[in-house]
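Colleague: I have a structure here, written as structure tokens, and I will follow up with some questions on it.
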Amino acid sequence: MHAAKFARPALIAAFALITAAPATAQNILGFEDMSCAAWRQSSDDRDQRAAYVNWSRGFLTGHNYALPKQQVSTISSGTVENYIDRYCTNNPTGQFSDGAMRLSDQFSGRNQPIRK
């Protein structure tokens, strides 16, 4: 009984250390500058914008590969571009890669229950 009295605080302390551990950062393989500022500047450079949109579509393909039960449906490049435009307008100091992540959340059902 005496050992159990001390085991509970030790267990609570261990749990606190585990939950306080920092999350592992995601390794984003992309362009040197993934900022929304770079995204906005690419609106005048069709080739650069196309490269950014293609990277985003590749990201969505990677999402589908990693999460086959939460597929992003086929969406047009225009939809990708418009979504990230809105994301970067609302988050001007953000990263357009985060916009692609939010797009995958929305279009895969991760923000709502998955329906079969």
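Laboratory data are not the source of any read-out in this text; all were calculated from the coordinates shown. Treat the numbers as computed from the prediction; the structure is a model and nothing was measured. Backbone-built Cβ (ideal geometry, glycine too); neighbour counts: all protein chains shown.
Colleague: What net charge is computed for the residues neighbouring residue 49, neighbours being all others with C-beta under 13 Å from the C-beta of residue 49, Lys and Arg scored +1, Asp and Glu -1? Don't jump to the answer; show the numbers that get you there.
Modeller: Values: positive: 40, 46, 57; negative: 44, 45, 47, 81, 85.
So the surrounding residues net to -2.
Colleague: Follow-up. From zero outward in steps of 5 Å, how is the percent of C-alpha pairs of region 33-116 spread across the bins?
Modeller: Each 5 Å bin holds this share of Cα pairs: 3, 16, 27, 24, 16, 9, 4, 1, 0.
Colleague: So how much slack lies between residue 41 and residue 86, counting 0.36 nm per residue of separation and subtracting their Cα-Cα distance, in nm? Present the calculation step by step, with values, prior to reporting the outcome.
Modeller: Values: separation 45, 0.36 × 45 = 16.20 nm, distance 1.44 nm.
Extra length from residue 41 to residue 86 when fully extended: 14.8 nm.
Colleague: Something else: Length gain on complete extension for the stretch residue 74 to residue 32, per 0.36 nm per residue less the alpha carbon to alpha carbon distance? Show your work: numbers first, answer last.
Modeller: Working: separation 42, 0.36 × 42 = 15.12 nm, distance 2.74 nm.
Length gained, residue 74 through residue 32: 12.4 nm.
Colleague: So, one more: Return the distance in nm (one decimal) between the two label points of a simple spin-label model at residue 50 and residue 98, each offset 7 Å from Cα along Cα→Cβ.
Modeller: Result: 3.0 nm between the two label points.
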